[in-house]
1. Pick out the one residue from Leu218, Leu298, Leu243, Leu228 that is surrounded by 13 or more Cβ atoms within 10 Å (Cβ to Cβ), at pLDDT 90 or above and not polar (S, T, N, Q).
2. Is there any pair linking a residue in the range 30-53 that is not assigned by TED's automatic domain parsing to the domain that holds Ala83 to one that is in a loop (DSSP other than H, G, I, E, B), with Cβ under 9 Å and at least six apart or on different chains, and which?
3. Whether any residue in the range 29-41 is among the aromatic types (Phe, Trp, Tyr), closer than 25 Å to Ile72 by Cα and loosely packed, with under 13 Cβ neighbours inside 10 Å is what I want to check.
4. Scan the range 224-236 residue by residue and report those that are assigned to a helix (DSSP H, G or I) and over 56 Å from the mean Cα position of the chain (by Cα).
5. Take the range 284-317 and flag every residue that is among the hydrophobic types (A, V, I, L, M, F, W, C) and under 36 Å from the mean Cα position of the chain (by Cα).
6. Give the residue, chosen from Leu329, Leu273, that is surrounded by 14 or more Cβ atoms within 10 Å (Cβ to Cβ), within 30 Å of Ile222 (Cβ to Cβ) and not small (Gly, Ala, Ser).
7. With respect to Arg309, is the statement that it is in the same structural domain as Asp246 (by TED's automatic domain parsing), surrounded by fewer than 15 Cβ atoms within 10 Å (Cβ to Cβ) and in a strand (DSSP E or B) true?
8. I'd like the full set of residues that are acidic (Asp, Glu) and surrounded by fewer than 13 Cβ atoms within 10 Å (Cβ to Cβ), limited to the range 332-347.
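The values are calculated or read from the model by the stated rules, or taken from the named source; none is laboratory data. Everything quoted here is computed from the prediction, not taken from an experiment. Don't worry about glycine lacking a Cβ; one is built from the backbone with ideal geometry, like all the others, and counts go over all protein chains shown.
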Amino acid sequence: MGRAVTVDDDVRDILGIRTVGAWLLSLFFAAAVLAMAAGSTDGVRDARFTALAAVLVLFAGLGILVAPGDPIPARFAVPVAAAAPLSAGLALWQLPVPMAGSTQIWFLGAASAYLNFLCVRGASRWAWLGLIGQILTCALWTATTGQGVITGVGFSFINVTPLLMATFFARVIRPIAQEVLTLRRADTERAAAEAAACAAQQERDRRVARLDRIARPLLETIASGRPLSTAEQAECRLVEAELRDDILGGVMMDATVATAARSARERGVTVVLDDGGGLDEVPHALRQHVRIVVRDALDYAEGGTITARVLPPGRASLISILLRDNEELRIEVEANGEVRSDLDDRS
């Protein structure tokens, strides 16, 4: 199965820029740049500037991979594009005149590679400015070294063709990639909605089955016209309270809490359960912790009234439990799961 689509997905994921394969390709690119720079030092005045030019090219290529957002933000696109003329300037002014070989202008092809990807990442304008700056740098070098402006323009202008192709590719592929992402997100949202609807239907089915199990016998007895015995009347009151708990108790309720509430009522305790929504977004473990506290409080009560109220979202406490009998006892579960009660204050 494919990776789930998230809100952070963009054109980079469609083109595979954030994949392991892209990083491996970048390693090969780095190895090629370093090999070309190291193998083209014949007649070079100061190889340290050539090495610095290679480092600039490599960091620019790395920027294409790691820069966040789509299209690539200008704060990343500008230095990446500027690396093309800067690396050319560093390397060119160290070359002999005439050059020892065409491989000594390795930085032109290396810069062209990442400028093409800069187009794909949505910064065609900056890529073209970087290439123009590179061409002007080459023309300036050949002009100041007596080789003529046309010479510099000629051997650097060749990179215009691949950048032109990359620009058209980006113009075509980026809108298509955005449409693909939109469709994938819509499919993910539809699947999530279907799962939520299925879960809601299952919950409704569970409640209907429980209602049928606990209420049908009493309803059939009532429908028969036979007077209810004292025990049956008490059972009716318990069933009515259980159904009310299911409606008002919300997320606070589970089988153990329902059993504890019924047992408390059988002991004569008045039980009020109310869910204000504060448990809807908490982790499952914390939700279970709250249910255990409610169940223990119900088991503790021997008479009087117990009110367990889940507070609205955003409160410091998740739930407040108040036991009233001969005296009052308040228990609260805080958002971090800590349980506090009046007993803590007394001790």
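1. Working: Leu218 fails: at pLDDT 90 or above; Leu243 fails: at pLDDT 90 or above; Leu228 fails: at pLDDT 90 or above.
Step by step, each of Leu218, Leu298, Leu243, Leu228 is checked, and only Leu298 is surrounded by 13 or more Cβ atoms within 10 Å (Cβ to Cβ), at pLDDT 90 or above and not polar (S, T, N, Q).
2. none
3. No, because not a single residue in the range 29-41 is among the aromatic types (Phe, Trp, Tyr), closer than 25 Å to Ile72 by Cα and loosely packed, with under 13 Cβ neighbours inside 10 Å.
4. Ser224, Thr230, Ala231
5. Result: Ala285, Leu286, Val290, Ile292, Val293, Val294, Ala308, Val310, Leu311, Ala316.
6. Leu273
7. no
8. Residues of the range 332-347 that are acidic (Asp, Glu), as a first pass: 332, 334, 338, 342, 344-345.
Within the range 332-347, Glu338, Asp344, Asp345 meet the criteria.
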